[in-house]
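Bear in mind that the values in this text are calculations on the coordinates, not laboratory data. Computed from a predicted model, the values in this text were never measured in an experiment. Note that each Cβ is placed from the backbone with ideal geometry, even for glycine, and that neighbours are counted across all protein chains shown.
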Amino acid sequence: MKKILALILAVLMVVSLAACGTTTTTDADATEKAQLVMGTNAAFPPYEFYDEDGQTIIGIDAEIAKAVADKLDMELTIKDMEFDSLLTAVQSGAVDIVFAGLTVTDERKESVDFSVTYATGIQVIIVKDGSDIASVDDLAGKTIGVQAGTTGDIYCTDEFGQDNVKQFGNGALAVAALQNDQVDCVVIDNEPAKSFVAANDGLKILETEYAVEDYAAAISKDNADLTEKVNAAMEELKADGTIDAILAKYIKAE
Ligand code: GLN
């Protein structure tokens with residue numbers, strides 16, 4: 001009987017582990033510590049992406065979250081999920097915090113609380129070399145590629161209509177569609193834009209900025225205590241230069 005019970009437990013453990021998807025624990029020796037489960041979409045370099053071994057999520061957000069967790073004496077775990085499920089995940093408690101190059105917006109503030117801000121994002125336009133799109137004014141009537149659920153998606157859909165916007169699961173897929181002429185341009189945050197353009201020949205980022213935004217972490221409205229602690233930690237990490245150093249490590253001055 002005991003054996004069967006042990007077997008059932010083992011199976012349950014495997015099943016529940018598998019249900020978590022890609023999970024990276026960054027603090028192996030910290031089993032007794034309280035968990036800080038972070039949700040992100042690890043296709044957004046340099047904020048979150050997989051390192052060369054394809055196993056570990058690295059980047060600005062991963063490092064800031066780790067520094068916050070260390071300050072709070074918590075163990076950080078990172079869960080990779082679709083960008084457009086992140087806010088639901090934090091609302092339902094599936095994750096404690098979202099760090100995802102996430103833009104603070106009034107609409108999102110209705111469903112989650114935001115931490116203090118830690119970086120600036122700019123929505124930019126990627127086109128093929130030789131494109132007739134030279135600025136935001138030329139976007140009307142074009143097919144715009146975006147990452148589903150992002151502010152780029154929301155603004156472009158509002159301004160140019162659903163028919164002119166094609167949504168993709170991540171920025172790399174939107175950029176691939178640009179290469180294949182399925183879209184005329186991609187609207188996305190400037191730092192991932194730079195890394196996608198660097199990785200693909202024949203693309204450029206237009207000088208014009210479509211929108212300037214602030215990034216912050218999102219926490220459930222039911223978890224004011226965590227928001228307060230995270231904010232205190234982030235203020236310290238801002239004041240002592242840790243956050244600046246992390247940003248400078250991944251974003252080289254032009
Ligand atoms: N900053 C954008 C947003 O919050 C995109 C973030 C992302 O794709 N990870 O919508």
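For the range 126-244: lysine pairs with Cα atoms under 26 Å, gap of 8 or more or different chains, count?
14
With angles folded into 0 to 90 degrees, how steeply does helix 190-199 sit against the dominant principal axis of the chain? Use alpha carbons for both and round to 10.
Tilt relative to the chain: about 80 degrees.
With the calculation restricted to Cα positions, what are the radius of gyration and Dmax of the chain in angstrom?
19.7, 73
What does the charge count near residue 175 come to, summing +1 for each Lys or Arg and -1 for each Asp or Glu among other residues with Cβ under 13 Å from its Cβ?
Summing Lys and Arg as +1 and Asp and Glu as -1 gives 0.
Restricting to Cα pairs below 8 Å that are 6+ residues apart, what does the relative contact order work out to for the chain? Please round to a whole percent.
Averaging sequence separation for qualifying contacts and normalising by length gives 24 percent for the chain.
If packing is taken as the mean number of other Cβ atoms within 10 Å per residue, what is the order of 139-148, 62-71, highest first?
Ranked by mean Cβ neighbours within 10 Å, highest first: 62-71, 139-148.
At a Cα cut-off below 12 Å, give the aspartates and glutamates reachable from residue 66, other chains included and same-chain residues fewer than 8 away excluded.
Partners found: 27, 75.
Could you rank the peptides 199-210, 163-174 by their average count of other C-beta atoms within 10 Å per residue, with the highest value first?
Ranking the peptides 199-210, 163-174 by packing returns 163-174, 199-210.
Taking amide H atoms as placed 1.01 Å from N in the peptide plane, list the residues 5 or more away in sequence, or in a different chain, whose amide H sits under 5 Å from that of residue 211.
Those lying under 5 Å, H to H, from residue 211 are 123.
Just for the range 125-231, what percent of DSSP beta bridges are antiparallel, to the closest 5?
Expressed as a percentage, antiparallel bridges in the range 125-231 total about 45.
Relative to the longest principal axis of the chain, what angle (0 to 90°, nearest 10) does the C-alpha long axis of helix 60-71 take?
30
Using helices alone, what [θ] at 222 nm do you get for the chain, with -39,500 (n - 2.57) per DSSP H run of 4 or more residues, divided over all residues and rounded to the nearest 500?
For the chain, the value works out to -11000 deg cm²/dmol.
Relative to the longest principal axis of the C-alpha atoms of the chain, give the angle of the C-alpha long axis of helix 224-239, reported between 0 and 90° and rounded to the nearest 10°.
60
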